[in-house]
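Scroll down for the structure; my scribbles are underneath it.
FYI, it's all coordinate maths here, none of it is from the lab. Values in this document were obtained by computation on a predicted structure and should not be read as measured data. As a convention, Cβ positions derive from the backbone with ideal geometry for all residues, glycine included, and neighbour counts pool all protein chains shown.
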Amino acid sequence: MAEAIAVHRAVSLAVYSNVRSLAVLSDSLSLIKLLKKGWYQPELFGIMFDIYHFMSFFDVITFDFIS
C-alpha cells in the first residue's frame, strides 16, 4: 500500500509539473506487475485508478522493477 501511494504521489506531481516523460522505478515487483498489466487489487482500487488516469497525460511513462 505504501509503495502504491508513493507512486501515486510521484506520478501526480509529475503531471502537475508538466513532465511529459517519466520512468517509475520500484522494488515492489507485485506493484510493477499490476501497473504494467493495468490490473487492480481491491484494496488499491482508488489509488490505481488515479495512476491509470494520470498515465494519459504523459507522452511516455514506464514502470520498471529494480531489486
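Provide 12, 17, 30, 67 in ascending order of the number of other Cβ atoms located within 10 Å of each residue's Cβ, fewest first. All intermediate terms of the calculation are to be shown ahead of the outcome.
Values: 12 15, 17 7, 30 12, 67 4.
The most exposed by this proxy come first: 67, 17, 30, 12.
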In region 1-49, which chymotrypsin sites (Phe, Trp or Tyr not before Pro) are in a loop and have at most 12 other Cβ atoms within 10 Å, using DSSP for the loop call? 39
Note the listed values (1) 5.8; (2) 4.0; (3) 5.5, then indicate which one is mean projected area of the Cα convex hull in nm² calculated from this particular structure. (2)
What helix-only [θ] at 222 nm does the chain give? Using -39500 (n - 2.57) per DSSP H run of at least 4, over all residues, to the nearest 500, the answer is -16000 deg cm²/dmol
